[in-house]
Structures are given as C-alpha cells and as structure tokens.
Amino acid sequence: MSEYDDLLAFERGTRALGEISGRLGWDRETVMPAAAAAQRAEEIAAIESVLHARRVDRRVGDWLASIDARDLGEAERANLRLIRREFERASRVPAELATEIARATSLGRDDWLRARADEDFAEFKPALERILRLRREEAAALGNHGGEPYDALLDGYESGATASGIAEMFVAMRPALIALIDRVLGASHQPKRLDHTFDQDVQVRLSREIAGTFGYDFSRGRIDRSVHPFSSGSGMDVRITMRSDPRDPFNCIYSTIHETGHGAYEQGVSEKYLLTPIGQGASMGVHESQSRLYENQMGRSRAFTAYLFGRMWGVFGDFGIADADAFYGTVNRVAPGYIRTEADELHYNLHIMMRFDLERDLVSGALEVNELPEAWNSRFQADFGMSVDCPSNGVLQDIHWAAGLFGYFPTYTLGNVYAGCLYEAMRRDLPGLDGHLSNGDTAPATGWLRENLQRHGRLRGPVDTVAMACGFTPMTKPLLSYLEEKFTDLYRL
C-alpha cells in the first residue's frame, strides 16, 4: 500500500468511530432513558478522547509530510487537504480540553431541557457558563489568525468565513428585509391563519410520506421524534427527527421537509467517498442551503403547496382553508413570532442576526452569561416588536448553546443565501419545474441538486461548491430578489 492508502485507511477508522459517537448523540435525543444522562456523558467523553488521540496521532503528521499531492487525483488531493486542516486544528487543542467539552455539552443538554421545562434560565446558567468558558479556551488554543476568537469557532462550521464578513453581509441585507417586512405587515390583504386541531399521529404519517416525496431513502435512514428536530449521520445511515403540535401541522410537515433536505444531502454524496473526509456535506452553510431550499423555495412554493393542500384535505378533511390559493397564503403568512424554527422566510434571518450578535459578544467577553436573558429580551423587543413572555420562547428555545455550537448560527443565513443562488440556477435549467412540483414530483429538482452539488460532498470548499453548481459566485441578490418577488405577489403589494 502507498502512504496515502495507509493514511486513508487510518482516517476511515477515525470517521467510523465518529459515526458511532454521532449515533450515541442521536440515541440521547430520541430514546435514551432519562436516568442515563450522566453515564452517556461519560461514554461520549470517552469516545471523544479516543477520537482526539487519533486526530493528532503522530503517524498522521508523518504521512502528511511524506505524501506528494502532485501524485494524487482530485478526490485524493481534497482528502489530503481536509485531513491536514483537521490535523492542524486538532493538534492545537489539548486532549483534556476536547474531552471536557464533549462531557460538558452532553450534560449541558440535560440541564437545558430541565431549565426549559421549568421556564428557569438559572437552572441552565452554570452549565452554559462552563460550556462558554471551555469554548473560549478552545478558541484561544486554535488562534484567530489576526481576526477575533469567534473566527476560530466559526471556521469549524464554515471554512473561510469570518465574523467581520458575516457582519458585513448582515448589515447589507437587513435594510431590505425590514423594508419588505414593513410593507407586508402593512398590506390590506392578509392571509388567513389556521384555526383547527390536527391529529398528531396523522401529521407524523403525512410528514413521513412527504419525506419520501422529497427523495429521502428510508432504506438508509429513519425518522424519530425529538424536542428539537435535527439530522445525524452520513452514507448508509442518515437519520432525521421531527416534532408535532396539534394546533400547527406546519411545524411537523416543514421541519420534516427541512431535515429531509439535510438527510438527502448526506444520502446524495457519492458512495465512493464513504467514510472519507470528502464523504459528507461541504459545510454547515451548504448543508443549510439544501434544507432551506427543500423547505422554502420548493416546499412553500405556490406549485408544491397546491399539491400539499390536496394531501392535507385527503388526510384531515376540511380544515377551514377554502382553496389552494388561500392555502399558499396561509403557509407563507408573515408575522413576527418567538420561535426561530417556525419563523416565516422574512423574519427568519432577523432571528439569526440577533443570535450572531449575542454569541459573538459572549465569545469575546463583551457579554456574560448572567447578562444574556436581558440582552436577548431587549434585542428581541427591538427587532420584532414583542416582549418575550417566557424563557422557552426566548433564550432557552434553541439547543445550540447547550451543545456548545458557538459559531454555528450564521451558517443558517449563509444557507439561505446559497439556497437563493441555487434556486435561481435550478429554475434556469428546469423551466418546467412548477408543473412537476404541483403534482408532488420533486425528482427533477432533487435530481438537479444531487447531480450538481450533493454528490460532490466536500470535494471543494463551500463557496466553490455552490459556485460550481450555479455557474456564478454566491451573492445575496438572488435571495433578496426571490423574497421581494414572492411576497410582493402574495400580499398584492
């Protein structure tokens, strides 16, 4: 075997162990007995200790030093690039710190759940302070390369992105979003709200059906319930979760479509890349481009909602919406709300901008954990015109900080930007797309995504992955134009 083959064989073993760790996390969120939380934290910490040791194994450094990339093909060079990047990042983080982060975030999840159930941020505060301290230590160990500590954490989710670049993008987008929101909320035509009770078991069955409609392969995946919907795994074992609400079937249906986008991306990566560095999504921003495009540009389109309207009448009977046109308005109704995952397409990015500013200040030390609830509530009032009524609708609504995912939130809006670009290119290449979607046929769209983006995995960096699929460099204009056109039409502005 060549030295590259030796390196890749070792890397496959590391990634297989990583998949096992991910499966423990999935189990924790779905079916783990409540009393097992402390033991599970130790199990995850133990695996992280083994993983970290493999990531910084001196043999990896030796292989990287001796392999000549000029002798390799495109996929092999990409694997080498990613292994080198991960080796260098992991080598900067002490093993004890990596293990302690894994333990603290596993335990923090349960503290967050209890605090959320009790509507008491104080119950979560010690865990969050510990997690934040550890992540600050990690950022310091990684180094910010002339930027700021937040950049080191953000780079773990979106290679090449910086806090200053994200902030600049948000400043440019924000006025257009707020202006459109103001016009929409002031429009004389306002779509009808749902006012009906929907059987939750029926919601789940319909959502499973729709996941299949969007190409989710159940032979390589499964759907379960969790407090916060998420996706997990890669290759031959890709799992997603959902939640339901008897008064809001869209919560179940659209969170399922969203997670199906994540799952379908992982299932769409070429099988020849299985358990290699390039055998997964290019970045969290690119991942979000898939989930948001599935959920919004396809799932909330006038064409697909006409199909969904028929299916909902078929399983629920009359639920108070007269026709497909009215249903399209109800699905896309714009209104400020507390919950990010339930936000309409116009308000969603304001949620992300708020979280980005808050967590950037937390990491820098400009904001401390004890100040977070008041900072959250004040900013939410300013951005959404609403007073936060309880912690579960405010600072305790997302699991991300409990999981230590500082630097993750801005990738959601990056995903929206990427999705806008991809949708523009998709419509250019698929002029008959609406006709297919109106019949519940997503295959042309999902096939286009699989061919142009998904199958390539991490062969290229995030921006290049999207640019190669679209034929142009990602920019905010396609997203803003899509939103302007859609909501101007829907609200008859």
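The values are calculated or read from the model by the stated rules, or taken from the named source; none is laboratory data. Note that this is a predicted model, so its numbers are computed, not measured. Positions of Cβ are generated from backbone atoms using ideal geometry, with glycine treated the same way; all protein chains shown enter the neighbour counts. Heads up: the accessible areas ignore ligands, DNA and RNA and are worked out on the full protein's heavy atoms, side chains in. Shrake-Rupley method; radii C 1.70, N 1.55, O 1.52, S 1.80 Å.
At 1.4 Å probe radius, can you tell me the per residue accessible area of segment 20-91 in Å²?
53
Given the Cα-Cα distance of V315 and S364 and 0.36 nm per residue of separation, how much length would full extension add, in nm?
12.6 nm
Which percent of the Cα-Cα distances in segment 287-359 go past 15 Å?
Value for segment 287-359: 62 percent of Cα pairs lie more than 15 Å apart.
Between S219 and H196, take the C-beta separation as r, use R0 = 41 Å, and let me know the FRET efficiency to the nearest 0.05.
E(calc), rounded to 0.05, equals 0.75.
On the principal axes of its Cα set, how long, how wide and how thick is the chain? Give whole Å, largest value first.
The Cα atoms of the chain stretch 67, 50, 44 Å along the principal axes, largest first.
Given contacts defined as C-alpha pairs under 8 Å and at least six residues apart, what's the relative contact order of the chain, whole-number percent?
19
Where does the charge balance sit around T465 when Lys and Arg score +1, Asp and Glu -1, over other residues with C-beta under 14 Å from its C-beta?
0
How much length is gained if the chain between V31 and A122 is pulled fully straight, taking 0.36 nm per residue apart and subtracting their Cα-Cα distance, in nm to one decimal?
30.1 nm
Of M354, L142, Y157, which is farthest along the charge dipole of the chain in the positive direction, counting Lys and Arg as +1 and Asp and Glu as -1 at C-beta?
Y157
Give the ranking of S301, S66 by solvent-accessible surface, highest area first, calculated with a 1.4 Å probe.
Reading off the accessible areas and sorting them downward yields S66, S301.
For the chain, what are the DSSP H helices with axial Cα length of 30 Å or more and mean Kyte-Doolittle hydropathy of at least 0.5?
163-185
With runs of 4+ DSSP H residues as the only contributors, calculate the mean residue ellipticity of the chain at 222 nm using -39,500 (n - 2.57) per run, divided by the residue total and rounded to the nearest 500.
Calculated mean residue ellipticity at 222 nm is -20000 deg cm²/dmol.
List the longest stretch of the chain that has no exposed loop site; here a site is one of the trypsin sites (Lys or Arg not before Pro) assigned by DSSP to anything other than H, G, I, E or B, with at most 14 other Cβ within 10 Å.
My reading of the result: 248-491 is the longest stretch.
In a Debye calculation with equal point scatterers on the alpha-carbon sites of segment 377-434 and no solvent, what is log10 I(q)/I(0) at q = 0.25, 0.28 Å⁻¹?
-1.02, -1.09
Assuming R0 = 45 Å, can you tell me the calculated FRET efficiency for the pair R114 and A322, based on Cβ-Cβ distance, to the nearest 0.05?
So the FRET efficiency works out to roughly 0.55.
Ranked from the most accessible area to the least, with a 1.4 Å probe and all protein chains present, what is the order of E168, E359?
Largest accessible area first, the list is E168, E359.
What residue among W448, L430, L459 has its Cα farthest toward the positive end of the dipole of segment 412-460, where the charges are +1 on Lys, Arg and -1 on Asp, Glu, each on the Cβ?
In segment 412-460, that residue is L459.
On a 1.4 Å probe surface of the protein chains, which of S438, S255, S291 comes out largest in accessible area, and what is the full order?
Descending accessible area places them as S438, S255, S291.
About the Cα centre, and with charges only on the beta carbon of Lys, Arg (+1) and Asp, Glu (-1), how big is the dipole of segment 231-322? Nearest 20 debye, please.
Dipole magnitude for segment 231-322 comes out near 160 debye.
Summing Lys, Arg as +1 and Asp, Glu as -1, what charge do residues with Cβ under 9 Å from the Cβ of R23 carry, R23 excluded?
That sum, taken over residues with Cβ under 9 Å, equals -2.
Want the number for E19 to E374: 0.36 nm per residue separation, take away the alpha-carbon distance, what's left?
124.0 nm
Above 25 angstrom, tally the Cα pairs of segment 250-379 and express them as a % of all pairs, no decimals.
When every Cα pair of segment 250-379 is considered, 45 percent fall beyond 25 Å.
Determine the dipole magnitude for the chain: charges of +1 sit on the beta-carbon of Lys and Arg, -1 on that of Asp and Glu, nothing else is charged, the reference point is the Cα centre, and the result goes in debye to the nearest 20.
So the magnitude is around 580 debye.
What are the extents of the Cα atoms of segment 206-279 along their three principal axes, listed from largest to smallest and rounded to whole Å?
44, 23, 16
Might you report the magnitude of the Cβ-based charge dipole of segment 262-398 about its Cα centre, with Lys and Arg at +1 and Asp and Glu at -1, to the nearest 20 debye?
The dipole magnitude comes to about 460 debye.
Counting only DSSP beta bridges with both residues in the chain, tell me the antiparallel percent, nearest 5.
45
Need the C-alpha centroid separation for segment 405-428 versus segment 128-203, integer Å.
Between the Cα centres of segment 405-428 and segment 128-203 lies a distance of 11 Å.
Which residue, I399, L132, Y216, has the largest displacement toward the positive end of the dipole of the chain when charges sit on each Cβ (Lys, Arg +1; Asp, Glu -1)?
Positive-most Cα among the choices belongs to Y216.
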